[in-house]
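FYI, it's all coordinate maths here, none of it is from the lab. Keep in mind that what you see is a predicted model, and the values were worked out from it rather than measured. Every residue, glycine among them, receives a Cβ derived from its backbone with ideal geometry; neighbour counts consider all protein chains shown.
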Amino acid sequence: MRLATWNVNSVRARHERLLAWLAAHQPDVLCLQELKVADPSFPLDELRAAGYEAAIHGQKTYNGVAILSRTPLGEVERGLADDVDDPQARLISARVQGLRVISAYVPNGAVVGSEKWAYKLAWLQRLRRHLERRFARTEPLLLCGDFNVAPEDRDVANPAAWAGSVLTHAEARVALAELLSFGLVDAFRLKRPEPGLYSWWDYRMLGFPKNDGLRIDHVFTTPTLAGRVSAASIDRNERKGKQPSDHAPVIVELTD
DNA sequence: ATGGTTGCTTAGCAA
């Protein structure tokens, strides 16, 4: 089974690229983030024609997440289901081929110390509680998405330049580590421990031409599935050419 | 040279 996660930065702007990428890479499951459309504007028909069912949690202008699958999606759940009144569409989960797949778009956090920063840290805590309430570490779970956190300095091309940013700050890394302490492992790093692998490059400052990248998009899995991870990669090519997303797809292969 | 990009929506926000 091939599973991927990709922050497309507007499914409308990335429509052609999305269909071309699906055709070229044939993932069984694709988690999407930053749809930036409400549900009725999601290109369901074209994706069905391409062979994919979709579970959507859309939002106009900002956020929005989805899970695409070649096989049927069941038990779809949207949001963190806690007592916080939160209109931001950042989480969706579904059952696919006996697995529980989650597509998450963690808040960026803007600037350390800002209100958005506090929301980011709180959101990661809320996700941890959601996992505890809703799932067991003994079940086959795949938590995928844009986490807006580079877990370690080896995930950052230029750690000195990014020191103290919302993507690398110690508090964000601790919050991510606490999320993973639910009982999740970094599926990508199981197979790809080497440095120099990134999933996001800022549109500004010649980020991609200079390869000033960070690995902030992840696939985390419960230990029951870790042994089935057979390969992992990042499709850096998708960041090239005309009108790319600022994120590249992260791909994980699981043995059946 | 203290900027630089993109997307959504249409001046300003978010990333």
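Remarks
- Strands (runs of 3 or more DSSP E) contained entirely in segment A:33-136, each with at least 2 residues that are hydroxyl-bearing (Ser, Thr, Tyr): A:99-105
- Residue match in segment A:96-105 (condition: crowded, with 18+ Cβ neighbours inside 10 Å and of a type in the set (D, E, K, R)): yes
- Any pair with Cβ under 6 angstrom, 6 or more apart, that starts in segment A:239-252 at a residue that is closer than 13 Å to A:GLY207 by Cβ and ends at one that is part of a loop (DSSP other than H, G, I, E, B) and within 11 Å of DNA strand B (Cβ to nearest atom): A:ARG239/A:PHE208; A:SER245/A:VAL8; A:SER245/A:ASN9; A:SER245/A:ARG14; A:ASP246/A:ASN9; A:ASP246/A:TYR203
Residues are listed down the side, and each one gets a yes or a no for (1) on the phi > 0 side of the Ramachandran plot; (2) in contact with a helix residue (DSSP H, G or I) (Cβ under 8 Å, 6 or more places away or on another chain):
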{"residue": "A:PRO151", "(1), (2)": "no, yes"}
{"residue": "A:VAL156", "(1), (2)": "no, yes"}
{"residue": "A:PRO159", "(1), (2)": "no, yes"}
{"residue": "A:GLY164", "(1), (2)": "yes, no"}
{"residue": "A:ASP212", "(1), (2)": "no, yes"}
{"residue": "A:ASN237", "(1), (2)": "no, no"}
{"residue": "A:GLY241", "(1), (2)": "yes, no"}
{"residue": "A:HIS247", "(1), (2)": "no, yes"}
{"residue": "A:VAL252", "(1), (2)": "no, yes"}
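- Filtered residues of segment A:233-256 (kept if farther than 27 Å from A:GLU132 by Cα, among the aliphatic types (A, V, I, L, M) and assigned to a strand (DSSP E or B)): A:ILE234
- Reported count of residues in segment A:44-71, each being surrounded by fewer than 17 Cβ atoms within 10 Å (Cβ to Cβ) and within 15 Å of DNA strand B (Cβ to nearest atom), is 3.
- Identity of the residue in segment A:183-213, part of a helix (DSSP H, G or I) and surrounded by 17 or more Cβ atoms within 10 Å (Cβ to Cβ), that ends up farthest from DNA strand B (Cβ to nearest atom): A:LEU190
- Pairing residues of segment A:147-166 that are in contact (Cβ under 8 Å) with a residue 12 or more places away in the chain and over 19 Å from A:VAL111 (Cβ atoms) with residues that are aliphatic (A, V, I, L, M) and not in a loop (DSSP other than H, G, I, E, B), at Cβ distances under 8 Å and at least 6 apart in sequence or on separate chains, gives A:PRO151/A:LEU176; A:PRO151/A:ALA177; A:ASP155/A:LEU214; A:ALA157/A:LEU214.
- Output for segment A:214-235, where each listed residue is within 16 Å of DNA strand B (Cβ to nearest atom) and touching a helix residue (DSSP H, G or I) at 6+ places or on another chain (Cβ under 8 Å): A:LEU214, A:ARG215, A:ILE216, A:HIS218
- Applying a threshold of 8 Å to beta carbon distances and a minimum spacing of six or more residues, or different chains, the list of pairs starting in segment A:7-29 at a residue that is more than 17 Å from A:ARG236 (Cα to Cα) and in contact (Cβ under 8 Å) with a residue 40 or more places away in the chain and ending at one that is assigned to a helix (DSSP H, G or I) and within 15 Å of DNA strand B (Cβ to nearest atom) reads A:VAL11/A:LEU18.
- Checked against the criterion of being among the polar types (S, T, N, Q), touching a strand residue (DSSP E or B) at 6+ places or on another chain (Cβ under 6 Å), outside any loop (DSSP other than H, G, I, E, B) and surrounded by fewer than 20 Cβ atoms within 10 Å (Cβ to Cβ), segment A:214-221 has no qualifying residue.
- Here A:ALA104 qualifies as small (Gly, Ala, Ser), within 19 Å of A:GLU178 (Cβ to Cβ) and within 16 Å of DNA strand B (Cβ to nearest atom).
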